[in-house]
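The values are calculated or read from the model by the stated rules, or taken from the named source; none is laboratory data. Note that the structure is a prediction, hence the values are computed from the model and not measured. FYI the Cβ positions are ideal-geometry reconstructions off the backbone, even for glycines, and counts take in every protein chain you see. The accessibility values were calculated without ligands, DNA or RNA, using every heavy atom of the protein model including side chains. Shrake-Rupley method; radii C 1.70, N 1.55, O 1.52, S 1.80 Å.
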Amino acid sequence: MNRRNFIRLLGVGSAAALASPRAWAALDDLGAWNSYRLSYRIELPESPAPARLWVPIPLLGDSIYQRNQGTIWSGNAQKVDFDPLKATAVPMVYAEWTRPGPRTLEVSTIVKTLDRKVDLGRAAGAGPLPSEARAFLTGTGLIPVDEVTRQLAKEVTRGAGAPLERARAIYDWVVANAAYDPQVRGCGTGNVAAMLKAGKLAGGSADLSALLVSLARSSGIPARLAFGIALDRSRLSPALGAYGDVSQGQEVRAELYLAGVGWVPVDPANVLRAAFESGLPATDPRLIDLKNRFFGSWEMNWVVLNYWERLSLKPQPAALGLPYFAYPHAEIAAKPRDSLDHRNFVYTVRSAQLVGTGARFDGIPGVMKVR
């Protein structure tokens, strides 16, 4: 494939007028710590066959932008495995049912978040990378680092020297040449190899963030995906975030590692989603401001669940091909349930902001004040 033709093929901007413009809130400064309750309720169908369930919960280790304040569970499972003191890479609650009858599980976590921003002025040139970062330089089956991606990354970063310059060039290129696709199921699969083969760079947050990660790794910049779920509506755009019923609020963002700074938060997917939902042209100052903000910062109206990649859930599920772990995963008689089919796999995920000793109530059905 001719690389230049390939890039020309993808030259259509992401902010085509595909939806009516909507009012935007003021783009204010990053805020303060907020507390939320994130709750799952899962109801598996009655069956004489054994059932297993894996539920993702927020990262257990504290960071400068997120703190897990504790998780509790209730239900009628015959076995529940949950170690709140073990800071695993993939924190979860695991449950088993071996007897027939109703099968329910509720999991609730209190989490605090603080808008995250890094100082890009501290970025150094090329320097030694810690082992934690080097692990995110190689490709995977879905996120390749190969001749195709290296050639494309070389074209995208032409004229850029330092890692920060290359990272920004890749980010800008993804925002300019990819598009948010609301028809994709869930967050998409993050299959960059398939996107490049088809020559169509469109998808959900997993697809768009994985594209950036693939190009960054192919340019020698460690990059990883962060899988999470919305907790609140965005202050920056009415198209972003969710509150109350967040059962379909899963999203995927990305991080790039730069010497002198560490992990840098980036979010091309939400820029592209805001562009699609608003129908604003790419030259609109609000989109430009959002794009600049989301290179080096995350609005923490979401919570990071894990950085799952090249890992397996424990105990090992029958479905070994999960692209990521942001949705509850269930298996009955060793047959996986479709986590995106809410008719046959019933679960709800709710968020509630905690204010003082209670929860915020603003008229959303089902969101009740905590007594």
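Worth a mention:
- Qualifying helices (runs of 4 or more DSSP H) (wholly inside segment 138-202; at least 2 residues being out of contact with any Pro (no Cβ under 9 Å at 6 or more places or on another chain) and closer than 19 Å to residue 252 by Cβ): 163-177, 192-198
- Screening residue 330 with (1) under 21 Å from residue 82 (Cβ atoms); (2) in contact (Cβ under 8 Å) with a residue 12 or more places away in the chain; (3) part of a loop (DSSP other than H, G, I, E, B) gives one miss only, at (3).
- Residue among 232, 181 that is closer than 19 Å to residue 323 by Cβ, among the acidic types (Asp, Glu) and open to solvent by 10 Å² or more (accessible area, probe 1.4 Å): 181
- Residue tally, condition over 13 Å from residue 189 (Cβ atoms) and surrounded by fewer than 15 Cβ atoms within 10 Å (Cβ to Cβ), over segment 320-335: 4
- Some residue of segment 276-291 being open to solvent by 10 Å² or more (accessible area, probe 1.4 Å), assigned to a strand (DSSP E or B) and at pLDDT 95 or above: no
- Looking only at segment 293-309, and only at residues there that are more than 17 Å from residue 245 (Cα to Cα) and part of a loop (DSSP other than H, G, I, E, B), the one that is modelled with the lowest pLDDT: 309
- Taking the criterion of being assigned to a loop (DSSP other than H, G, I, E, B), open to solvent by 50 Å² or more (accessible area, probe 1.4 Å), more than 19 Å from residue 308 (Cα to Cα) and modelled with pLDDT under 95, the residues of segment 46-84 that qualify are 46, 48, 64.
- Only listed residue being in contact (Cβ under 8 Å) with a residue 60 or more places away in the chain and closer than 20 Å to residue 263 by Cα, chosen from 142, 129, 152: 129
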